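The values are calculated or read from the model by the stated rules, or taken from the named source; none is laboratory data. These numbers come from a predicted model, not from an experiment. Virtual Cβ from ideal backbone geometry, glycine too; neighbours counted across all protein chains shown. Heavy atoms of the whole protein, side chains included, go into the accessibility calculation; ligands, DNA and RNA do not. Shrake-Rupley method; radii C 1.70, N 1.55, O 1.52, S 1.80 Å.
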Amino acid sequence: MDILNLVDISVHYDAVVALDNVSLGVSEGEVVAVMGPNGAGKSTVLKAIMGLAPVVGGEVYWQQRPLEAATHEIVKQGISFVPQGRRVFTHLTVAENLEMGCLYLNNAAEKARRLDSVMELFPILHQKRDDLASQMSGGQQQMLALGRGLMAAPDVLLLDEPTLGLAPIVVKEVFQKVAEISDRLNTTILVVEHNIKGVLDIVDRAYVLDKGRVVHDGTPQSVRDTDILTQVFLGS
Ligand SMILES: Nc1ncnc2c1ncn2[C@@H]1O[C@H](COP(=O)(O)OP(=O)(O)OP(=O)(O)O)[C@@H](O)[C@H]1O
Ligand SMILES: [Mg+2]
């Protein structure tokens, strides 16, 4: 059964139709990719879920009920968003950045427990816990952004372009981490990606968006078997 659903979602930025009747769903425990060219509406899908996009039609369902919480309340419901561009707090330490992921939590023991578990998953964050985030490389900052997302102990993690701008070897590491989060924590993951080859290796299912519409939905193999990606990326 789907844990998160978009049903006929349309998003308009004035005259720009960013999403046009988009329906997609993610089942508990699944890792699902959203792919497509620049401007296809990928980030808008995640923003629509988070209440950060001007939705003009349709409904987002969370655990079968309309998701009506305000953006800052959504994380408490179990949905954690790691936006495009990482956005770590460069003037804060690694540990302080991680704590920003569960600011609403008043239980110090639980906070400490989560810090330990995130640092276990990301040894580099443990090693650099007292360093400023500005002192970390791009790949390390991406790990920090992932770790911060996990501090909310989410049921669903929304990732927007987690490998953007990273060197190939680091891209591989990020994908391995995403797969590990799914395996070890059983977190449901919806990931927007440009890096098609890498992401298809770690997901259960993929949606392809083009010009605000879903043009394909299926297993990674079904994506590889069609020429849908050539069509949408090259417009052929
Ligand atoms: N705040 C905004 N105001 C106006 N138009 C916007 C805004 N945000 C996005 N758009 C437009 O909506 C469409 C979808 O944008 P979106 O950011 O979802 O694309 P994307 O698939 O994530 O692209 P990219 O791969 O470049 O990140 C684009 O045409 C974009 O120009
Ligand atoms: Mg985007």
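Ignoring ligands, DNA and RNA, how do Phe233, Phe81 rank by accessible area with a 1.4 Å probe, largest first? Could you put the intermediate results ahead of the total?
Values: Phe233 75, Phe81 50 Å².
The residues order as Phe233, Phe81, largest area first.
Kindly report, to the nearest 10 Å², the accessible surface of Tyr61 as traced by a 1.4 Å probe over protein heavy atoms only.
Probe radius 1.4 Å; accessible area of Tyr61 about 70 Å².
Cα atoms only, the range 2-234: Rg and Dmax in Å?
So, for the range 2-234, Rg and Dmax equal 17.3, 52 Å respectively.
Before rounding to the nearest 500, sum -39500 (n - 2.57) across all DSSP H runs of length at least 4 in the chain and divide by the residue total; then give [θ] at 222 nm in deg cm²/dmol.
Values: 10 runs with 89 residues, N = 236.
-10500 deg cm²/dmol, from helical runs alone.
Take every Cα pair under 8 Å in the range 2-234 that's 6+ residues apart, average their separations, divide by the length, and report that relative contact order as a whole percent. Don't jump to the answer; show the numbers that get you there.
Working: 441 pairs, mean separation 66.1, N = 233.
Relative contact order comes out at 28 percent.
Around Gly57, with a cut-off of 12 angstrom between Cβ atoms, what is the net charge of the other residues, counting Lys and Arg +1 and Asp and Glu -1?
Numbers: positive: none; negative: Asp8, Asp20, Glu59.
Result for the local shell: -3.
For the chain, report the accessible area per residue in Å² (1.4 Å probe, heavy atoms, rounded to an integer). Walk me through the numbers before you get to the answer.
Values: 10950 Å² over 236 residues.
Ligands and nucleic acids excluded, the result is 46 Å² per residue.
Ignoring ligands and nucleic acids, what accessible area does Glu68 show with a 1.4 Å probe (Å², nearest 10)?
150 Å²
Testing the spin-label approximation: label points 7 Å from Cα along Cα→Cβ at Asp201 and His126. State their distance in nm.
Once both label points are built, they end up 2.6 nm from each other.
Pull up the cross-link candidates among the lysines for Lys128, meaning alpha carbon to alpha carbon under 22 Å and not fewer than 8 places away within one chain.
The reachable lysines, counting only those whose Cα sits under 22 Å from Lys128, are Lys111, Lys172, Lys177.
I need the calculated FRET efficiency for the pair Asp14 and Ile169, taking r as the beta carbon distance and R₀ as 30 Å, to the nearest 0.05.
0.15
Taking 0.36 nm per residue of sequence separation and subtracting the Cα-Cα distance, how much length would be gained by fully extending the chain between Gln221 and Met100, in nm to one decimal?
Result: 39.7 nm gained on full extension.
Express in whole angstrom the spacing between the alpha-carbon centres of the range 100-173 and the range 10-69.
With the range 100-173 and the range 10-69 each reduced to a Cα centre, they are spaced 24 Å.
Run the accessible area of the range 2-234 with a 1.4 Å probe and give the carbon-and-sulfur part as a rounded percent.
Values: 5160 of 10620 Å².
Here it works out to 49 percent.
How do Val16, Val170 stack up against each other in accessible area, from largest to smallest, with a 1.4 angstrom probe?
Details: Val16 90, Val170 35 Å².
So the residues, ranked largest to smallest area, are Val16, Val170.
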